[in-house]
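Scroll down for the structure; my scribbles are underneath it.
The values are calculated or read from the model by the stated rules, or taken from the named source; none is laboratory data. In this text, all values refer to a predicted model and were calculated from it rather than measured experimentally. We place every Cβ from the backbone using ideal geometry, glycine too, and count neighbours over all the protein chains shown.
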Amino acid sequence: MIKSRINLYTASLLPPKQRLNFTRLITALAVLLSVSVLLYGLAWHQLNNMQHDLQLANAQQQMLIENKNTLEQQVAQRVPDRDLVARVELEEQRLVLKRLLKNELEQRTALISQGYSPILTDLAAVSDASVWLSRIYFNQAQIEFEGFGLQPSSIPRWIERLNTADTLKGFAFATMTMDRGEDQPLAFKLTSTPVVSKETVQ
């Protein structure tokens, strides 16, 4: 039997099948909308948390400002204790006096340690058996010697030798007292004063 119908269409001529249909499009839109809603919800939740933290920080800042103002008012209203202030001032004055006394003692110690050693060396160089000293007083303004001599003439000779000492230059021995007790050596006291130059007087 001969076929009366001939199929001129091949499979390649058929339209391709569409992968995206209405159902799939609706499903994709629903998924995308769900993801968008979820992301919006997360962002809104984080924003609320940040706003809550900001409110707490503002409240703490306000509380600290109020505490600061309260403390400043308390400090401004506080009156210092007069007795305590007077005690502090007294202790400060005592401290100043102690420092002055300490400096004075240090200066005197330095003067003694530096001044007596050279003068004792010079006194030993000019001494002899006819004169001996019982007391020496020395500062920057005056020198005093107290001692004894065997004869009245031995003391002036000792003073002449004393004037040649380097440590005693600049001092003038102007006052001397002598006294002799019964059956005792001749006691003397020699006092000096600094020599004032003409330049100093002018």
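So which residues in segment 146-178 are aromatic (Phe, Trp, Tyr) and touching a Leu at 6+ places or on another chain (Cβ under 7 Å)?
Phe148, Phe173
Return the pairs, sorted by first residue and then second, in which the second residue is outside any helix (DSSP H, G or I) and modelled with pLDDT of 70 or more, the first residue lies in segment 96-111 and is surrounded by 10 or more Cβ atoms within 10 Å (Cβ to Cβ), the beta carbons are less than 9 Å apart, and the residues are 6+ apart or on different chains.
Arg108/Asn139; Leu111/Phe138; Leu111/Asn139
Testing Ala165 on (1) loosely packed, with under 14 Cβ neighbours inside 10 Å; (2) out of contact with any strand residue (DSSP E or B) (no Cβ under 9 Å at 6 or more places or on another chain); (3) at pLDDT 80 or above, one condition comes back false. Which one is that?
Ala165 satisfies every listed condition except (1).
Could you check Phe145 against (1) assigned to a helix (DSSP H, G or I); (2) within 23 Å of Pro185 (Cβ to Cβ); (3) in contact (Cβ under 8 Å) with a residue 12 or more places away in the chain and say which number it fails?
Phe145 satisfies all of (1) assigned to a helix (DSSP H, G or I); (2) within 23 Å of Pro185 (Cβ to Cβ); (3) in contact (Cβ under 8 Å) with a residue 12 or more places away in the chain except (1).
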